[in-house]
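Working notes, structure below.
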Amino acid sequence: PAEKAEEKPVFDKELFKRSILYNVMNMYRKNLEEATPQQIFQAASYSIKDRVIGNWMNTQKAYEKEDPKMVYYMSMEFLMGRALGNNMINLEAYQGAKEVLEELGLDINVIEDQEPDAALGNGGLGRLAACFLDSLATLGYPAYGCGIRYRYGMFKQEIRDGFQVEVPDNWLAEGNPFELRRPEYAKVVKFGGHVSVRCDENGRNHFVQEGYQAVRAIPYDLPIVGYGNGIVNTLRIWDAESMGGFQLDSFDKGDYSKAVEQENLARNLVDVLYPNDNHYAGKELRLKQQYFFISASVQEAVEKYMRKHDDIHRFPEKVTFQLNDTHPTVAIPELMRILLDEYNLGWDEAWDITTRTCAYTNHTIMAEALEKWPIDLFSRLLPRIYQIVEEINRRFVQQIEEKYAHVYNVNVQEKIRKMAILYDGQVKMAHMAIVAGYSVNGVARLHTEILKSEELRDFYEMFPERFNNKTNGITQRRFLLHGNPLLAQWVTEKVGDSWITDLPQISGLKKLADDAEAQKEFMEIKYQNKLRLAKYIKEHNDIEVDPNSIFDVQVKRLHEYKRQLMNILHVMHLYNELKAHPDMEFFPRTFIFGAKAAAGYRNAKLTIKLINTVADVVNNDASIKGKIKVVFIENYNVSNAEIIFAAADVSEQISTASKEASGTGNMKFMLNGAITLGTLDGANVEIVEEVGRENAFIFGLSSNEVIHFENNGGYDPMQIFNTDADIRKVVNQLIDGTYSADKELFRPLYNSLLNTLSTNRADTYFILKDFKSYAEAQKKVEAAYRDRSGWAKSAILNVACSGKFTSDRTIQQYVDEIWHLDKVTLQQNG
Ligand code: 26V
């Protein structure tokens, strides 16, 4: 195991101070008084990097020496957020660094705020990858993250006139102090052209790609610091550079326009992260990005292995590839290509190696997120890869035929139609990932069960042993220790600090849930965190919110299935009630939203406009005496998320049951002592199982009920609209001018609820169906909050029962049940 040294090296404050002053001088020819906050951030980051670099070398040397099995976590997205604060936390240097900065007259928060988020991801899937890297390093497992160094990350969101405007995120503008460029590990990646067959003197066929365009992949390494253990793993992200000097394949020498195209390919390839979440768009450049980083990463994995070994057949004993959704699935035919064409293996040998190396995680059952590439596009861009996919498919279809040809009651053609990798002119990436891998996992128990019984049923029938569940988790180092220092300190006072690397220890808080003094302390901390968020809101939105009101929060990507629309319709309903009965009992509420919408997603963007419009009306209506406030937090991201989770009383997890694969925000709220108001969807099911149904507010259709309606029909939102006056009123307010002089503005939202023409069925996500039970659950929230002690008890129990949801547990399960890695031992601590 990764043992801590007997004597932990303490953080040397004097050295850190001198280092900052030296860096400011050396980098900017300034002394501290003259330096800008950005310059001080850069200087401090280089000082921290100095602390990291020795551990980084040690760790990589230990990997060299011990030659352990490694996981390559292949992902199009790593939503890392900021590095400086996180690295100081994991070096156990945060407190010391804070004091040093104070002594220099600087506020650590101001310095941290200078750093742009590394937002190389959209939402849950990318943030999960970042939490996994943190846990892998903290547990001492040999791992690489493999991804893309997008020049522009997730767009910055500005709200203008209530509408979302996307602003480019030039996160590298000031340079990234933690990255290391590694040109010595550059790789060449080839696109397009055609494949010729050459027969060698032994009569063996060789497949050669000719007339291609090539780009050079240059890796940049980012250190992933384990908590307090001296381990530093690597996130390797690839940049694209042109081959330079108009170099072309001999086949195309002299083709000027082709040389220009090749230059352009390199220039555009890694420009920007596609801002879609749960929606497949079929863009050619996206497929190029996928093959680009996968080809470079697989080449590197094979070369690295062969530097130490001579038998490629034993590759799976030392290497495993975890495919984060289907986006990296070209790793399968790429590994096959290298084994067949470069190592001259036979098909069966190559297939055996590949299928023992690759494992696939599914993150969504949303049909519109399934990746299907048109065959003509795929084969034009990746001609040799496509040949290999054809052969994989041919053999798989044969396997289906062998299995089912003589089975009573099974229509083989139907099976092939549903399961083939190539069908209907498309390459189905999920099918390839399942067929060519040794593991398929979902990300919460319910999600995995739905995969087995519905979406991937035929595959489960054929390969039941491949399917397994790995319920997601989050890192408590970022989302409690860094994001909520007051609560972290309190927890440590009560139960010791072992929770930092062993979150289930936090259950020691259970015994305090009934303790009046502990309840008071907890509520005081929550209040301080609400003040911190109120200040942020005042600064960013110029809205005054009451820190004594209930902070009711929904922050996540904007998507119809997540039902932000139901939330805001309910706010409209409460507002109607308050207007009609000004003296009714009402506990003040602050409804907080944060969400980015994919740039081309009309209803999502309109929902943002609706929230902002309702906010304008409600916040400025003196007649309700500030009892309801609505706040839309601009540019929700990893950094402001930490402040938001810490301040939440109510965690809105209200997706249509069966649609949210897991959710991870739900876990971050729980860890910070917010109470879940949610459906029995994704990991909410397991959260409620841990904390008890009496410590959550559960409402709405079950996933079985939703699936039943979807398969058999029988839901008519118009009937609800016609019979329920409260619902009719809010839905009509979308188009009657209450919230917009332009009555047509919100018509598409109105139509999505009632009009069968827009989709197969109106109200695809059962908003009207669940509305009443949601409103009732909200009433229970209010009643519960009036009982301050009862609320505190529930909130403390949520913190105390969050132990399961650490990504340390998730990673340990991946290690035990899929990857089979050993921890590395370090000689000395850095
Ligand atoms: C899919 C696609 C489709 C192709 C184009 C762009 C694109 C970008 C991202 C995705 C992934 C969508 C899947 C996803 O993000 N799932 C989320 O994964 C979280 C981590 O497992 C989980 O907590 C969320 O419930 C799930 O929605």
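The values are calculated or read from the model by the stated rules, or taken from the named source; none is laboratory data. Just so it is clear, the structure is predicted and the values come from calculations on it, not from any experiment. Every residue, glycine among them, receives a Cβ derived from its backbone with ideal geometry; neighbour counts consider all protein chains shown.
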Q) Quick check: is even one residue across region 18-26 aromatic (Phe, Trp, Tyr), exposed (fewer than 15 other Cβ atoms within 10 Å of the Cβ) and either within 16 Å of the ligand (Cβ to nearest atom) or over 30 Å from Glu317 (Cα atoms) (or both)? A) yes
**Q.** Selection within region 503-543 - closer than 19 Å to Lys629 by Cβ, more than 28 Å from the chain's Cα centre (by Cα) and in contact (Cβ under 8 Å) with a residue 60 or more places away in the chain
**A.** Ile543
**Q.** Only one of Ser789, Ser802, Ser794, Ser773 that is surrounded by fewer than 19 Cβ atoms within 10 Å (Cβ to Cβ), under 18 Å from Gly692 (Cβ atoms) and polar (S, T, N, Q)
**A.** Ser789
**Q.** Test: residue in region 616-631 that is charged (D, E, K, R), in contact with a strand residue (DSSP E or B) (Cβ under 7 Å, 6 or more places away or on another chain) and within 16 Å of the ligand (Cβ to nearest atom)
**A.** no
Q: Scan region 149-164 for residues that are part of a strand (DSSP E or B) and buried (at least 24 other Cβ atoms within 10 Å of the Cβ) and report the count.
A: 1
**Q.** Residues that are of a type in the set (Gly, Ala, Ser), in a helix (DSSP H, G or I) and touching a Gly at 6+ places or on another chain (Cβ under 7 Å), drawn from region 131-141
**A.** Ala137
Q) Just wondering, is there one or more residues in region 262-281 that are within 15 Å of the ligand (Cβ to nearest atom), under 30 Å from Lys605 (Cα atoms), assigned to a helix (DSSP H, G or I) and not polar (S, T, N, Q)? A) no
Q: Need at least 3 residues that are of a type in the set (D, E, K, R) and surrounded by fewer than 20 Cβ atoms within 10 Å (Cβ to Cβ) per element, so show me which helices (runs of 4 or more DSSP H) inside region 415-504 make the cut, counting only ones lying wholly within it.
A: 457-462
Q.
Every residue in region 165-180 that is surrounded by fewer than 18 Cβ atoms within 10 Å (Cβ to Cβ) and out of contact with any strand residue (DSSP E or B) (no Cβ under 8 Å at 6 or more places or on another chain), please.
A. Leu172, Ala173, Glu174, Gly175
Q) What about Val555, is it closer than 15 Å to Val630 by Cβ, aliphatic (A, V, I, L, M), within 16 Å of the ligand (Cβ to nearest atom) and assigned by TED's automatic domain parsing to the domain that holds Ser794? A) yes
Q. Across region 433-463, what is the total count of residues that are more than 16 Å from the ligand (Cβ to nearest atom) and β-branched (Val, Ile, Thr)?
A. 2
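Quick grid of which residues meet (1) surrounded by 18 or more Cβ atoms within 10 Å (Cβ to Cβ); (2) in contact (Cβ under 8 Å) with a residue 60 or more places away in the chain:
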position: Tyr305; (1), (2): yes, no
position: Asp310; (1), (2): no, no
position: Asp325; (1), (2): yes, yes
position: Ile332; (1), (2): yes, yes
position: Lys372; (1), (2): yes, yes
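Within region 282-303, can you find the residues that are free of Cβ contacts under 8 Å to residues at least 60 places away in the same chain and either within 21 Å of Gly211 (Cα to Cα) or within 16 Å of the ligand (Cβ to nearest atom) (or both)?
Within region 282-303, Lys283, Leu285, Arg286 meet the criteria.
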Q) Quick one: Leu101 ticks every box in (1) buried (at least 23 other Cβ atoms within 10 Å of the Cβ); (2) of a type in the set (A, V, I, L, M, F, W, C); (3) more than 20 Å from Val555 (Cβ to Cβ) bar one, so which box is it? A) (1)
(Q) Here is a list: Ile231, Ile218. Which entry is surrounded by 18 or more Cβ atoms within 10 Å (Cβ to Cβ) and under 22 Å from Ala296 (Cβ atoms)? (A) Ile218
